[in-house]
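The values are calculated or read from the model by the stated rules, or taken from the named source; none is laboratory data. Bear in mind that the values here come from a model prediction, so they are computed numbers and not experimental data. When we count neighbours, we look across all protein chains shown, and the Cβ atoms used for this are built from the backbone with ideal geometry, even at glycine. Accessible surface areas use protein heavy atoms only, side chains included; no ligands, DNA or RNA. Shrake-Rupley method; radii C 1.70, N 1.55, O 1.52, S 1.80 Å.
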Amino acid sequence: MLRVISIAIFWMCLSSTAYSQGNQSPKSSIGATVYQQYCMSCHQADGGGVPRMTPSLISTSYVTGDKKRLITILLQGLNEPIVVNDEEYYNPMASFSFLTDQQIAAVLSYIRTNFGNKSTAVSAQEVLQLRKQLSSKK
Amino acid sequence: MKNIVLLLLSLQISFFVTAQNAVALKLPSGFTSQVVTQEQGRVRHIAIAPNGTLYLKLERLRNGFGIVRLRDLNQDGVYEDSLLFGNYIGTGIAVKNHFLYASSNNAIFRYALDADFQPINPTAPGRLVYGLVDKGQHASKSITLDNAGNIYVNIGAPSNICQVEDRKAGSPGSMPCPILDSAGGIWQFSASSLDQTYAQGVRYATGLRNVVGLDWNNEVNDLFVTVHGRDLLFQHFPQLYDAKAGAELPAETFYRLKKGQDAGWPYAYWDQFKKKKILSPEFGGDGIKEGAPDAIEPLMGFPGHLAPNALLFYTGLQFPKRYRNGAFIAFHGSWNRNPEFQEGFYVVFVPMKNGLPTGEWEIFADGFTGKDKIMSPREAKHRPCGLAQAPDGSLLVSDDVRGWVWKISYPSK
């Protein structure tokens, strides 16, 4: 009995976290995987964030705007109060510089083209360039 | 597991209730609920005076103010008369002996109340304490008072688990954790001296990551607290914890605290299945090794990440006898159980006697979210956050999404 219920719970979880895979290229499915593994716990399955804790990724200027600023957030993390959609956030976000250039490009392309966002993709080349720039500044 | 089955069943029932009426709560039989105020903003903790005057502490200013005073002058059961004052945000609020106490995220203020429990000078409170750690994370300062002239304040650790780099995978724990000198515990101050800082306070108990619920238990004359446990076990240690373990662990905990005690954060966490203090992986743990041998054990562990935001010992005569001296705990609900559904968002009851649980915890009030399943806390219509016991023995529950307050009663037949 318990087993049946736990399988049922598991199945419900899976089915509700599944993303609409409709028009996604293989590249954005790498992005989806990286998102689920490294971002989803805080920014949530729908990208909407957690009230008062973690900002939303839905049509924020950080996500859809300047790519350099966005890549820098992943490479260096973010640890200063920021205002997103009229709400202040304080929790730190650690750097994700341990991800490969491909993974960073894929996850950023994913968030820029999902959750209702319609922005342009980020390439691994752009990530690599910024990584070099940032490390030469140190 | 039993609890999860019960939870699913109760969620199922509450779904039908809320489908009929967006406000009705799912309660044990014989209890009723009424919404006594709505749309008051981000209402965190609440306090009620012996004459029924209700005070709400806001986490976001409304028209520049952070405290709401409510009265029911026409005695129709709904609060219609309001006064806004206090130009600071915060969580903690308490009424004791004709004083109102309220906290910002770094200070505690006191307002003298007149014979009708109204603030005599709402624009000029006395500042009891200032300069408490406030780094945004876990900054809310919950307060409660004893019967000997002391006030207790939670100073949450501005950190998940005291890593060298907070919330960064692979960053080791700081040994010893420097945060504990000024946060990660409960501090005791005089409830009447002005302008105290850490130097005048006492670190009453330590090793507490972030207490949000706390109450003085007059039956046994001790402080009791509910703690928000750590995050990111699965995300940072997938080789030790699978997603399911990361959703369930560590327990949210309920402690009775005596002066000088240590509850083990960040070195260990409570595993509610093993009923052991397990060494944190940032400090060399592997999910099995025990840690913090000198730390106290909780009275009870709840499923992980449910966020116990308020604690109240019931001393009223209105509810059936088994509720007397038991604990109500308001769970704010989780954000951190992906890929599982989020859980919590209800008020729990723990039957107790002489300061010890006499049975398992049970869901007392449910249905606040207006949905039967929640993937992300953003979907919740309301989230329980504060508790107060009304003079007639009813229980009040506040919500910090939209600022509703429910009154839960047990009408006599």
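Okay, here's what the table says:
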{"item": "Distance violations [Cα-Cα > 26 Å] among B:K26/B:K135; B:K141/B:K373; B:K57/B:K381", "result": "B:K26/B:K135; B:K141/B:K373"}
{"item": "MRE, 222 nm, helices only [DSSP H, n ≥ 4, -39500 (n - 2.57), over chain B, to nearest 500]", "result": "-2000 deg cm²/dmol"}
{"item": "Cβ charges +1 (Lys, Arg) and -1 (Asp, Glu), total dipole of region B:347-413, debye", "result": "160"}
{"item": "Positive-end residue, region B:229-287 charge dipole about Cα centroid, Cβ charges, pick of B:F254, B:P266, B:Q235", "result": "B:F254"}
{"item": "Dipole moment magnitude, nearest 20 debye, the protein assembly as shown about Cα centre, only Lys, Arg, Asp, Glu C-beta charged", "result": "680"}
{"item": "Positive-pole candidate from B:T32, B:G92, B:T197, dipole of chain B, charges at beta carbon", "result": "B:T32"}
{"item": "Reachable aspartates and glutamates, given that their alpha-carbon falls under 16 Å from the alpha-carbon of B:K371 and they are not under 8 places away in the same chain", "result": "B:E340, B:E343, B:E379, B:D399"}
{"item": "The protein assembly as shown - percent of accessible surface contributed by carbon and sulfur, probe 1.4 Å", "result": "54"}
{"item": "Reference-scaled alpha-carbon Rg (2.2 N^0.38 Å with N residues) for the protein assembly as shown", "result": "0.97"}
{"item": "Cα Rg, Dmax (largest Cα-Cα span) when computed across region A:22-138, Å", "result": "13.5, 43"}
{"item": "Whole-angstrom gap from region B:114-185 to region B:345-382, using each part's C-alpha centre", "result": "25"}
{"item": "Electrostatic dipole magnitude of chain B [Cβ: Lys, Arg +1; Asp, Glu -1; Cα centre; debye, to 20]", "result": "180"}
{"item": "For region B:113-141, residues shielded by at least 30 square angstrom of accessible area compared with the chain on its own, probe 1.4 Å", "result": "B:G136, B:Q137"}
{"item": "Per-pair calculated FRET efficiency, R0 = 30 Å: B:E165 and A:N117 via Cβ, rounded to 0.05", "result": "0.55"}
{"item": "Computed lengthening from B:A148 to B:H98, 0.36 nm per intervening residue step minus Cα-Cα distance", "result": "16.5 nm"}
{"item": "Interatomic Cα distance distribution for chain B, bins of 10 angstrom, percent", "result": "5, 24, 34, 26, 10, 1, 0"}
{"item": "Residues of type aspartates and glutamates that A:K132 reaches as a straight line, Cα spacing below 16 Å, ignoring anything fewer than 8 places off in the same chain", "result": "A:D101"}
{"item": "Spacing of the two label points (7 Å from each Cα toward its C-beta) at B:F273 and A:Y62, in nm", "result": "3.4"}
{"item": "Accessible surface buried once B binds A (1.4 Å probe; total of both sides; Å²)", "result": "2600"}
{"item": "Positive dipole terminus of region A:40-136, leading residue within A:C42, A:P92, A:A121 (C-beta point charges)", "result": "A:A121"}
{"item": "Radius, Kirkwood style, for region A:58-113 when every pair of distinct Cα atoms is counted (Å)", "result": "11.9"}
{"item": "Over region B:324-364 - Rg/Rh using Cα atoms and the Kirkwood inverse-distance radius", "result": "1.12"}
